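The values are calculated or read from the model by the stated rules, or taken from the named source; none is laboratory data. If you're wondering where the values come from, they're calculated on a predicted model, not measured in any experiment. Here Cβ is always computed from backbone atoms with ideal geometry, including for glycine, and neighbour counts include all displayed protein chains.
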Amino acid sequence: MARVNYLIAALSLYIIWSLCIIKLGSTSDLKISRSFPAILIFGDSTVDTGNNNFISTIFKANYSPYGKDFPGHMATGRFSNGKLIPDMVASRLGIKELVPPFLDPKLSKDDVKTGVSFASAGTGFDDLTATISKVIPVMKQIDLFKNYTQRLQRIAGVDESKKIIGSALVIISAGTNDLNINFYDIPTRKLQYNISGYQDFILNRLQSFIKEIYQLGCRNIVVAGLPPVGCLPIQETVSFENPLHRICLEDQNSDSKSYNQKLSKLLSNLQSQLPGSTMLYADIYTPLIDMINNPHQYGFEHTNRGCCGTGLAEAGPLCNALTPTCEDPSKYIFWDSIHPTESVYKSITESLLKQFF
């Protein structure tokens, strides 16, 4: 009888764990409704809500046709036709409707208390990536975070600031630019590393980054994996493998999958090393490749070119007010030759929320 009771108890615990994938330390489960007082974002153009508007770089998206379907049809610096995943996650979690860029001089006190994005389009974990793009390296975004912490302390006080940061949801999304800019398209790092070695280099940088923000108080950290990089329209274009019959580059997709496997293992190891932390791997690859392989199930018609211009190479300054765009972006997986449409980001957000809640 004791053994039966033990098995029932063990099964009950397993079911509870399965339903509540996210854990906060070892004491309580995070709930989807108002569990996080703030959201803090680090990374590249997938999560840059406008920081590049305020630095000297050509990698900006604060002009038409970017923001075509954003509220008010405003080009805010987001590299899409509408909202990004951080905005959607923040809204669904009841934190705020939009995540502002930290460098915005109009940032309000409430914006500071509920979180911001430190991300910079064109950047990566490899500092060389940001040097080429003249943007803010991911590692340097920690300096912005330190400035943010000081500002938060002036608004909320030291003790409350620690609580906010310790309970905040932290999202990190970068890595694609490292591979595209430094390995595939401009093979600078290819002279030093094979693909496995470069993946390890990037992940070592990420590990250092996570450990530093952990020391600064962050505890709930979600890291996005790579998308199917070989399916980005720009990668299909620059490969010249089959210009008349554009298909995903399977070798690059294979690299993305192997990187993601390493990333998932790294996060598991880090969670065991850093007391009270929750480290989660966000699977971007699976939902996006499913949309690409089964577009009609999601309402898409175009998978290998973007909505902006020809969709083959336009992004950033090449996608501008003089560039024609498609009539209905919701039929496209990609907005420009690199970045997904708002419709795709919505689907990925739903997938992520199902993963974690």
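For the stretch 191-218, name all the residues that are without any contact (Cβ under 8 Å) to a residue 60 or more places away in the chain and under 19 Å from LYS257 (Cβ atoms).
The initial filter retains those residues of the stretch 191-218 that are without any contact (Cβ under 8 Å) to a residue 60 or more places away in the chain, namely 191-194, 197-198, 204, 215.
Selection gives TYR193, ASN194, GLY197, TYR198.
Step by step: first the residues of the stretch 153-167, then only those that are free of Cβ contacts under 8 Å to residues at least 40 places away in the same chain and small (Gly, Ala, Ser), then the one that is surrounded by the most Cβ atoms within 10 Å (Cβ to Cβ). Which residue is that?
If we filter the stretch 153-167 for residues that are free of Cβ contacts under 8 Å to residues at least 40 places away in the same chain, which is where we start, we get 153-154, 157-161.
From what is left, the residues that are small (Gly, Ala, Ser) are 157, 161.
Values: GLY157: 11, SER161: 21.
Going through the qualifying residues, I end up with SER161.
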*Among what's in the stretch 296-310 and is surrounded by fewer than 23 Cβ atoms within 10 Å (Cβ to Cβ) and of a type in the set (Gly, Ala, Ser), pick the residue that is nearest to SER80 (Cα to Cα).*
GLY309
*Quick one: in the stretch 116-136, which of the residues that are surrounded by fewer than 24 Cβ atoms within 10 Å (Cβ to Cβ) and polar (S, T, N, Q) is farthest from ARG205 (Cα to Cα)?*
SER133
*part of a helix (DSSP H, G or I), exposed (fewer than 15 other Cβ atoms within 10 Å of the Cβ) and more than 19 Å from the chain's Cα centre (by Cα) - does that describe any residue in the stretch 274-285?*
no
*Quick one: would you say LEU226 is part of a helix (DSSP H, G or I) and either surrounded by 17 or more Cβ atoms within 10 Å (Cβ to Cβ) or in contact with a Cys (Cβ under 7 Å, 6 or more places away or on another chain) (or both)?*
no
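Restricting the stretch 154-205 to residues that are outside any helix (DSSP H, G or I) and under 21 Å from the mean Cα position of the chain (by Cα), which is farthest from VAL47 (Cα to Cα)?
Taking the stretch 154-205 and keeping what is outside any helix (DSSP H, G or I), we get 157, 168-175, 185-188, 192-194.
Still in the running and under 21 Å from the mean Cα position of the chain (by Cα): 168-175.
Values: ALA168: 16, LEU169: 14, VAL170: 12, ILE171: 9, ILE172: 8, SER173: 7, ALA174: 9, GLY175: 12 Å.
Selected residue: ALA168.
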*Determine whether the stretch 236-253 contains at least one residue that is under 21 Å from ILE172 (Cα atoms) and in a loop (DSSP other than H, G, I, E, B).*
no
*Could you give every pair whose Cβ atoms fall below 6 Å, whose first residue belongs to the stretch 285-309 and is farther than 14 Å from ILE247 by Cα, and whose second residue is at pLDDT below 95, counting only separations of at least 6 or pairs across chains?*
PRO287/SER351
_Residue among GLY122, GLY225 that alone is touching a Leu at 6+ places or on another chain (Cβ under 8 Å) and either touching a residue at least 24 places away in the same chain (Cβ under 8 Å) or closer than 24 Å to LYS265 by Cβ (or both)_ = GLY225
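Looking at ILE333, ILE348, ILE289, ILE338 in this structure, which one is in a loop (DSSP other than H, G, I, E, B), modelled with pLDDT of 95 or more and aliphatic (A, V, I, L, M)?
Numbers: ILE333 fails: in a loop (DSSP other than H, G, I, E, B); ILE348 fails: in a loop (DSSP other than H, G, I, E, B); ILE289 fails: in a loop (DSSP other than H, G, I, E, B).
Criteria check complete, one pass: ILE338.
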